[in-house]
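The values are calculated or read from the model by the stated rules, or taken from the named source; none is laboratory data. Predicted, not measured: the structure shown is a model, and the values here were computed from it. With ideal geometry, Cβ positions are generated from the backbone for all residues, glycine too; neighbour counts draw on all protein chains shown. Just so you know, the surface numbers come from the protein's heavy atoms only, side chains and all, with ligands and any DNA or RNA stripped out. Shrake-Rupley method; radii C 1.70, N 1.55, O 1.52, S 1.80 Å.
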Number of protein chains: 2
Amino acid sequence: MIRKPRLFTPGPTPLHPAVLEAMARPILHHRTDEFRSIFKECIVGLKSFLKTQDDVLVLACSGTGGMEAALANVLSPGDRMVALVAGNFGERWAGIGKAYGMEVQILKAAWGDAVPPEEVARALDADPAIKGVFVQFSESSTGARHDIEALARITRERPGTLLVVDAISGAGAMALETKAWGVDVVVVGSQKSLALPPGLAFLSVSARAWERIESGKAPRFYFDLRRERKAQAGGESAFTPAISNMVALRAALEVVKGMGGVDSLVKNAGTLAACTRAAAGALGLALVAPRAYGDALTALHPPPGVDSGAIVKALKSEFGSTVAGGQGELKGKILRVAHLGYYDTTDILGLLSSLEIVLHRLGHEFDFGAGMAAAERAYFERIPEAPPAKVSA
Amino acid sequence: MIRKPRLFTPGPTPLHPAVLEAMARPILHHRTDEFRSIFKECIVGLKSFLKTQDDVLVLACSGTGGMEAALANVLSPGDRMVALVAGNFGERWAGIGKAYGMEVQILKAAWGDAVPPEEVARALDADPAIKGVFVQFSESSTGARHDIEALARITRERPGTLLVVDAISGAGAMALETKAWGVDVVVVGSQKSLALPPGLAFLSVSARAWERIESGKAPRFYFDLRRERKAQAGGESAFTPAISNMVALRAALEVVKGMGGVDSLVKNAGTLAACTRAAAGALGLALVAPRAYGDALTALHPPPGVDSGAIVKALKSEFGSTVAGGQGELKGKILRVAHLGYYDTTDILGLLSSLEIVLHRLGHEFDFGAGMAAAERAYFERIPEAPPAKVSA
């Protein structure tokens, strides 16, 4: 039997064919007009992707490198910061802050929940010296989302407090109006919605963040955004760029443009997420984030009496599909299915039907096709009219 | 929304990633030891794929070229031949025979049926001078299969009558024991079960076919199998081979070997076909070949009151999936879904669920998920036990 290897993990996500093709091209030299032109096209595309006219910088590193770059540039040692911790990745903001000598105040929510914006407002009222609020847009360990628009409403009225958003897995999966909402720094990773391999991080930086960056006192060299801003204005990076990844980035951004922009990508992830939640409900798999669920991925508890690890293993061994298990305190307890990136409806419908087969194998009782019926109904709710005939992406 | 372009056509079929990778490699020269070694590996793999120790030759042409090569070598002008015609491709055998000046006797079956072996036996009894029986293993225009084992039982007892099988889309999708059954010539195309691009045809040739070929009088140059046999014994082809396609062929044959051989490929297609027939039955789509159905593809009538062309169009425009329409007298009347090639269960489950969505859009009434429930049950009938954990292909 054929079992195609399929990644349904919230990063890495499947590479778009245009990306594969671009990555396979002969290498260019980066100190050339040809490459500078590619670099500049990427910046234009990223601004459109992030809906901002602020600077967007590209770094050759993983998403965590992008998070570190953001924090180490906008804060100085001893600064007070608030980290919203509602899962594994929230803890990362706190960890980076501590590593750089910040005074970290943690606002916690249970895993699966989100920290309410009002709680952040209260913390900032209580301590006006807080220099930055650090938060995940999509908390990949639980599938929960933070309300970035509401948080930005709070921080943008406070001149001394920046909002720094890890949108590594959230951007391109859920609506994000970087400039209109007034988010100061957004961090994105390449191996998520943009269907690229890991290796690039993207940062948008607001004018007031730049003021802070210019006077920052934390140690930084590779991640010195001042240096990058200067170089990248001319289509170069301060240090050697990940050349093939940049060529592929341009291809990926062309794909997004071709399908009607980031809104179309967001609608796609939202539709797949809705189908998945509906099927899960019909099959008796509870959401890990029943109130705060986002669309970048769906985290699910197994049905009572079924081991989540057995589901993950069986999807892989019988169908070749890799879904993610739990992390941190949810390790071995849940499964996570990605929607961000290069997935289409047929992908998720196939996965959900194979999930029915696996659940039956594992002794779970339900009517065959019940999850599929729910998923198809959810699809019609999201897409009531057949789309125009043009096939894209 | 993302709509991945997916081919569910009975050729070309999706290319295997190992094939894509091989096709992207720099070109080799064909008059080198390196290429000769690749060529010889391909022949070994093809013999295993076709289950024969007879000669297997590779030609740089499409499947039709392989059919012409077979006929023009084993018959001489004026020879009597029988063509089994049960669809579009059966007519091709008759057409090639006429083009080469043969006396063609047509044994017809209604489209969707197969010609019964007893009818062939009667024809051969009536005219012992018939030199060859030409037949499709899988008739791609209707999804019907001919009973090659039974036909070979008839021809192998008749020294003057060869059995020449167009297994272009049948090999690798349904069990074919070339040597054990005693099939004289089998023709296969690359863009089918082997998940390669079009451009190669493969012919197995029995000892008694070689006798005929040696003394044949039909004009032949590019397709002269005597010349090819001599060259290919040394790992070369008489004329320039399709070099990259051959490198990819080796990769494809390695994939088949790695998944446990052609039987595993056949089981795969058989499972997907069973799921498709079950779903179609539950959704009210009648089989075009209700008695003679094969596993290489499934041809379906639309439900009453629904236009098949509208289904084909909607699957493409809403989901990016291309299924085939009808050919010849069934043009505009049916849809055809391929199972041969690089498809897995998740592919077909995804397609069937998207078919439910499309049928609902077109006004067909049924219970959501009914087709999926039937498909999942059919899967369990075929694969009652979970397979071992090793993920292949």
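Some points to look at:
- Qualifying residue in the stretch A:1-11 (condition: at pLDDT 95 or above, crowded, with 16+ Cβ neighbours inside 10 Å, farther than 27 Å from A:Ala144 by Cα and of a type outside the set (Lys, Arg)): yes
- Within the stretch A:192-214, the residues that satisfy the criterion of being buried (at least 24 other Cβ atoms within 10 Å of the Cβ) and either within 14 Å of the chain's Cα centre (by Cα) or assigned to a helix (DSSP H, G or I) (or both) are A:Lys192, A:Ser193, A:Leu194, A:Ala195, A:Leu196, A:Leu200, A:Ala201, A:Phe202, A:Leu203, A:Ala209.
- Every pair of residues 6+ apart whose Cβ atoms lie under 7 Å, when the first sits in the stretch B:134-157 and is touching a residue at least 60 places away in the same chain (Cβ under 8 Å) while the second is among the hydroxyl-bearing types (Ser, Thr, Tyr): B:Ser138/B:Ser169; B:Ser140/B:Ser169; B:Gly143/B:Tyr293; B:Gly143/B:Thr298; B:Ala144/B:Tyr293; B:Arg145/B:Ser138
- Matching residues, the stretch B:29-45, being out of contact with any Ser or Thr (no Cβ under 8 Å at 6 or more places or on another chain) and open to solvent by less than 40 Å² (accessible area, probe 1.4 Å): B:Phe35, B:Ile38, B:Cys42, B:Ile43, B:Gly45
- Against the list (1) assigned to a helix (DSSP H, G or I); (2) surrounded by fewer than 22 Cβ atoms within 10 Å (Cβ to Cβ); (3) at the interface with chain B (Cβ under 7 Å from one of its Cβ atoms), the condition A:Ala386 fails is (1).
- Selection count, the stretch B:350-377, where residues are surrounded by 22 or more Cβ atoms within 10 Å (Cβ to Cβ), more than 8 Å from every other protein chain (Cβ to nearest Cβ) and without any contact (Cβ under 8 Å) to a residue 60 or more places away in the chain: 1
- The lone criterion from (1) of a type in the set (Val, Ile, Thr); (2) part of a strand (DSSP E or B); (3) more than 24 Å from A:Leu272 (Cα to Cα) left unmet by A:Val188 is number (3).
- Yes/no for B:Tyr343 being at the interface with chain A (Cβ under 8 Å from one of its Cβ atoms), crowded, with 19+ Cβ neighbours inside 10 Å and assigned to a loop (DSSP other than H, G, I, E, B): yes
- Scanning the stretch A:21-59 for residues that are within 14 Å of another protein chain (Cβ to nearest Cβ) and without any contact (Cβ under 8 Å) to a residue 12 or more places away in the chain gives A:Ala24, A:Pro26.
- If the condition is being more than 23 Å from the chain's Cα centre (by Cα), away from chain A (no Cβ under 12 Å) and not aromatic (Phe, Trp, Tyr), then the stretch B:231-285 contributes B:Ala231, B:Gln232, B:Ala233, B:Gly234, B:Gly235, B:Glu236, B:Ser237, B:Ala238, B:Thr240, B:Gly281, B:Gly284, B:Leu285.
- Taking the numbered list (1) more than 22 Å from A:Ile2 (Cβ to Cβ); (2) in contact with a helix residue (DSSP H, G or I) (Cβ under 6 Å, 6 or more places away or on another chain) in turn, B:Ala175 passes all entries but (1).
- If you go through the stretch B:79-113 and pick out every residue that is open to solvent by less than 20 Å² (accessible area, probe 1.4 Å), modelled with pLDDT of 95 or more and under 12 Å from B:Ser141 (Cα atoms), you end up with 4.
- Selection count, the stretch B:318-329, where residues are open to solvent by 20 Å² or more (accessible area, probe 1.4 Å), of a type outside the set (Asp, Glu) and either out of contact with any Ser or Thr (no Cβ under 8 Å at 6 or more places or on another chain) or within 18 Å of B:Leu287 (Cβ to Cβ) (or both): 3
- Residues in the stretch A:290-340 that are polar (S, T, N, Q) and within 14 Å of another protein chain (Cβ to nearest Cβ): A:Ser317, A:Ser321, A:Thr322.
- In the stretch B:156-191, the qualifying residues are those that are closer than 20 Å to B:Gly294 by Cα and among the acidic types (Asp, Glu), and the one that is most open to solvent (accessible area, probe 1.4 Å) is B:Glu177.
- Sub-7 Å Cβ pairs linking a first residue in the stretch A:321-338 that is over 16 Å from A:Ala289 (Cα atoms) to a second residue that is part of a strand (DSSP E or B), at least 6 apart or interchain, are A:Ser321/A:Arg6; A:Thr322/A:Arg6; A:Thr322/A:Leu7; A:Val323/A:Leu335; A:Val323/A:Arg336; A:Val323/A:Val337, ordered by first then second residue.
- Residue match in the stretch B:322-345 (condition: at negative phi, of a type in the set (Asp, Glu) and modelled with pLDDT of 95 or more): yes
- Residues of the stretch A:284-310 satisfying the condition of being in a helix (DSSP H, G or I) and surrounded by fewer than 22 Cβ atoms within 10 Å (Cβ to Cβ): A:Gly309, A:Ala310
- Of the residues making up the stretch A:12-27, those that are acidic (Asp, Glu) and buried (at least 21 other Cβ atoms within 10 Å of the Cβ) number 0.
- Residues of the stretch B:63-94 satisfying the condition of being more than 19 Å from the chain's Cα centre (by Cα) and of a type outside the set (A, V, I, L, M): B:Asn73, B:Ser76, B:Pro77, B:Gly78, B:Asp79, B:Arg80
- One residue stands out in the stretch B:250-304 among those that are in contact with a Gly (Cβ under 9 Å, 6 or more places away or on another chain) and acidic (Asp, Glu): the one that is nearest to B:Leu359 (Cα to Cα), namely B:Asp295.
- Filter pass, A:Arg153 being closer than 26 Å to A:Ala110 by Cβ and either open to solvent by 10 Å² or more (accessible area, probe 1.4 Å) or of a type in the set (Val, Ile, Thr) (or both): yes
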